[in-house]
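The values are calculated or read from the model by the stated rules, or taken from the named source; none is laboratory data. Here the structure is a predicted model, which is why all the values come from computation and not from measurement. Note that each Cβ is placed from the backbone with ideal geometry, even for glycine, and that neighbours are counted across all protein chains shown.
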Amino acid sequence: MTPPGPSRLPGLAFRASSVGASPEQRAFAAPAESPHDVRDRREVMATVMANAGPRGPQPIFQRYNVHELWYALLPRDWKCLAVVSPDQTPNTWRLARSLAELGTQALGRLVEPVDATGLDLGRVASITHRLAPRGGVPADKQFIVGLDSPIENAIAIGVLAACDTVVLMVEKNRTTIPKARRTIEVVGRDRLAGVVLALD
């Protein structure tokens, strides 16, 4: 089955740092949601982001599609972006691949997607070398990594260490607040760009 392209991913809500956000990014209108969905989404996101601390993401809260998420992340000037979930889910790789595809189109150069799900020790070493070669990453090179949960698969921390920016994906009706908090602790507040809530 062909995976969804960037414009056909499940519904995503994103809470990001306000630093560098343009008025246009703040002005995106949210698609219609039921009162129950709005309340559920806000409760989960508010609880998770309250635990990101004062240096973590600040209160821009929009419902984003992949295009809006890509442009919201650009001001952070990252080299290696990881999409991480507290749960083992293929959705981290789906979002990473879609962001990389869109980034390649937008920038006119390759933004390389890296599938770091289903990790074992051998793959960790190979992927880490790819993300952080001895000679350094070329100035125009960017990676987006779809990563295993670092609390479900501890060896994912080895790949996570090579990433300078992280988007946390939480899944509606699945991710628990304790697991989200623990994942934020593993990621580190300084690297956390924001939280995506997968609604579908």
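Numbers below:
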{"quantity": "Among the candidates GLY118, GLY146, GLY108, GLY158, residue that is of a type in the set (Gly, Ala, Ser), surrounded by 22 or more Cβ atoms within 10 Å (Cβ to Cβ) and either out of contact with any strand residue (DSSP E or B) (no Cβ under 7 Å at 6 or more places or on another chain) or modelled with pLDDT of 95 or more (or both)", "calculated": "GLY146"}
{"quantity": "Residue satisfying all of: in the stretch 161-188; in contact with a helix residue (DSSP H, G or I) (Cβ under 6 Å, 6 or more places away or on another chain) and under 24 Å from TRP70 (Cα atoms); surrounded by the fewest Cβ atoms within 10 Å (Cβ to Cβ) among these", "calculated": "THR165"}
{"quantity": "Residues of the stretch 91-105 that turn out to be in contact (Cβ under 8 Å) with a residue 40 or more places away in the chain and either touching a Cys at 6+ places or on another chain (Cβ under 8 Å) or surrounded by fewer than 16 Cβ atoms within 10 Å (Cβ to Cβ) (or both), as a count", "calculated": "0"}
{"quantity": "Test for ALA100: is it modelled with pLDDT under 95 and under 16 Å from TRP78 (Cα atoms)", "calculated": "no"}
